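To start, the structure itself, in structure tokens.
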Amino acid sequence: MLFRSMGSLIIRINRFIDRAAKSAGLTFKVTTYTARRCWSTFASTKELSIPLEVIDKALGHGTKKLIFRYVKYDESRIDDANQAVAQFITEGS
């Protein structure tokens with residue numbers, strides 16, 4: 001086996017990512033966590049509208065509570081949902 005554990009694999013990947021980030025001129029530390037957070041943030045934007053359940057599954061979480069560590073929910077989506085429901089009620093289907 002090439003890696004003794006998932007932890008040793010992640011450490012190795014993080015070193016590679018950090019070197020690549022420094023080569024690209026980034027001055028902050030970049031890790032697999034950073035990559036996961038960026039991916040989930042983009043995925044959860046209003047423009048992409050990928051459901052949180054899909055993002056959660058893609059990140060391999062076992063509980064939906066973990067998704068909110070990665071994603072800052074766009075509260076304007078609630079306003080949009082309320083407007084859509086109100087419009088449906090007043091105008092019909």
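The values are calculated or read from the model by the stated rules, or taken from the named source; none is laboratory data. From a predicted model like this one, the values you see are computed outputs, not experimental measurements. Cβ atoms come from the backbone with ideal geometry, glycine included; neighbour counts cover every protein chain shown. Note: areas computed on protein heavy atoms with side chains; ligands, DNA, RNA excluded. Shrake-Rupley method; radii C 1.70, N 1.55, O 1.52, S 1.80 Å.
Take the residues in the stretch 69-79 that are open to solvent by 60 Å² or more (accessible area, probe 1.4 Å) and not in a helix (DSSP H, G or I), then tell me which one is farthest from R12 (Cα to Cα).
E75
Residue by residue through the stretch 18-28, note down the ones that are open to solvent by 100 Å² or more (accessible area, probe 1.4 Å) and not hydroxyl-bearing (S, T, Y).
Of everything in the stretch 18-28, those that are open to solvent by 100 Å² or more (accessible area, probe 1.4 Å) and not hydroxyl-bearing (S, T, Y) turn out to be R19, K22, F28.
Look through R36, R15 and report the one residue that is assigned to a helix (DSSP H, G or I), out of contact with any helix residue (DSSP H, G or I) (no Cβ under 6 Å at 6 or more places or on another chain) and either at pLDDT 90 or above or open to solvent by less than 50 Å² (accessible area, probe 1.4 Å) (or both).
On inspection, the qualifying residue turns out to be R15.
Identify all residues within the stretch 39-49 that are assigned to a loop (DSSP other than H, G, I, E, B) and either touching a helix residue (DSSP H, G or I) at 6+ places or on another chain (Cβ under 8 Å) or of a type in the set (F, W, Y) (or both); write none if there are none.
Answer for the stretch 39-49, where residues must be assigned to a loop (DSSP other than H, G, I, E, B) and either touching a helix residue (DSSP H, G or I) at 6+ places or on another chain (Cβ under 8 Å) or of a type in the set (F, W, Y) (or both): S44, K46, L48.
Listed here are the residues, each with its yes/no results for (1) of a type in the set (A, V, I, L, M, F, W, C); (2) surrounded by fewer than 10 Cβ atoms within 10 Å (Cβ to Cβ); (3) under 21 Å from the mean Cα position of the chain (by Cα); (4) in a helix (DSSP H, G or I).
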position	(1), (2), (3), (4)
S8	no, no, no, yes
V30	yes, no, yes, no
I55	yes, no, yes, yes
I67	yes, no, yes, yes
A81	yes, no, no, yes
